Amino acid sequence: MKVTISDVARLAGVSTATVSHTINNTRYVSNETKEKVYQAIAELGYTPDASARSFRTGKKKTIGFIVPDISNKFFGTMIESVENYLSAHGYHLIIANTKEDSSREETNIRLLTAGLVDGLLVASTMEDFDRFDELIPAGFPVVLVDRTFEAKKYSSICVSNFQPIYRSVCRLAGKGAKRVGIIGGLPRLSSTKERISAYQQAVADCGLAQEEALIRYGDSMENSAQACLDELLEQNCDAVIVCQGLMASETIFYLQEKGIRLSKDIDLVSFVDYDSNFYQLYSDQMDCIIQPVEELGRAAGEQILKRIEKPDAPVFEKVLTSAYKPYDVPGMK
């Protein structure tokens, strides 16, 4: 027999109206009462009538998340964090994968904003803000995640890595490195621009070699690090900073294949942007810049729901900070 809203109300010890307001977010309900209702829903396996709810409230209780690469564990971890937050608040999540293709992103934005979702999270691969802005219907709730634009029209959640990269270059210089290379992501992305800027300022301040050949660009997809690394090794780099977790793991494997030893033949600074035992195996051989990816996901979920409730609220910009974790070098502090 189908579970009804009355069954949920009875188990939670509240009225059916309270259950409805909790699910539809149409009136204030205390956190304690919400927990009782959601627990009852979970225990009974209750499925609200989405079509009827949407007709009554104008809401689908669904958020879209456009990401550049679902196979990248950074975005996979972020998606899980967002979904956990949204599901605890009665929302569902739809994922769209662009594969770092701006045309695919455009198609997905048009599709999702045409009545499928209440709001949109976007880790955009576009460089042109005007093109992006033209795709978003007036007043539609949007939060940019990880990647932003110079124009501050939409709320955003991102991570600043300027200081960790600057510190890592200075530390490498203090250890005696002379030629520090860097592998960034796609040049058009805001995150890449910030990281390369931090690197350039640090090598200048530390008196290290400043050459365009020491700056290489990959992307967030698989198999983009090896060619960059070959080019840096040809430039006789004695240290490399890899600005993305997937490329960093590929770099470690590739160096091993070539018989190049971490911390002995070359120093490595690796971005750690998802939880993996793999990095722990090498934590005593390389410096790490650890991304708060789960916090990023939770903050994105929180902000998109706030924008849905108050679409006319001022634009909100939240910048998280990553953690720099150098490995211990005997005699060096």
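Of the residues that sit in region 215-255 and are in a strand (DSSP E or B) and open to solvent by 30 Å² or more (accessible area, probe 1.4 Å), which one is nearest to Lys99 (Cα to Cα)? So the residue we want is Tyr217. Kindly establish whether Ile289 is touching an Asp or Glu at 6+ places or on another chain (Cβ under 7 Å) and at pLDDT 90 or above. When the stated conditions are applied, Ile289 does not pass them. Hey, can you tell me all the residues within region 282-321 that are assigned to a helix (DSSP H, G or I), touching a helix residue (DSSP H, G or I) at 6+ places or on another chain (Cβ under 6 Å) and either of a type in the set (Val, Ile, Thr) or loosely packed, with under 15 Cβ neighbours inside 10 Å (or both)? Once the filter is applied, which keeps residues that are assigned to a helix (DSSP H, G or I), touching a helix residue (DSSP H, G or I) at 6+ places or on another chain (Cβ under 6 Å) and either of a type in the set (Val, Ile, Thr) or loosely packed, with under 15 Cβ neighbours inside 10 Å (or both), region 282-321 yields only Val293. Within region 204-214, being open to solvent by 60 Å² or more (accessible area, probe 1.4 Å), assigned to a loop (DSSP other than H, G, I, E, B) and at negative phi holds for Gln210, Glu211. Restricting attention to region 186-203 and to residues that are in a helix (DSSP H, G or I) and under 16 Å from Cys228 (Cβ atoms), the residue that is nearest to the chain's Cα centre (by Cα) turns out to be Thr192.
Here the strands (runs of 3 or more DSSP E) wholly within region 76-185 that include at least 1 residues being over 21 Å from Ala313 (Cβ atoms) and small (Gly, Ala, Ser) are 92-97, 155-160, 180-184.
Of the residues making up region 279-293, those that are in contact (Cβ under 8 Å) with a residue 60 or more places away in the chain and farther than 13 Å from Gln244 by Cβ are Asp287, Pro292.
Limited to region 107-134, what total is found for residues that are over 19 Å from Lys193 (Cα atoms), among the hydrophobic types (A, V, I, L, M, F, W, C) and either in contact with a strand residue (DSSP E or B) (Cβ under 6 Å, 6 or more places away or on another chain) or surrounded by fewer than 17 Cβ atoms within 10 Å (Cβ to Cβ) (or both)? Qualifying residue count, region 107-134: 7. Taking the criterion of being open to solvent by less than 10 Å² (accessible area, probe 1.4 Å) and under 19 Å from Glu234 (Cβ atoms), the residues of region 178-198 that qualify are Val180, Gly181, Ile182, Ile183, Gly184.
The values are calculated or read from the model by the stated rules, or taken from the named source; none is laboratory data. All figures in this text were calculated on a predicted structure; none of them were measured in a lab. Positions of Cβ are backbone-derived with ideal geometry, glycine not excepted, and every protein chain shown enters the neighbour counts. The protein model used for the area step is the full one, side chains on, heavy atoms only, and it has no ligands, DNA or RNA in it. Shrake-Rupley method; radii C 1.70, N 1.55, O 1.52, S 1.80 Å.
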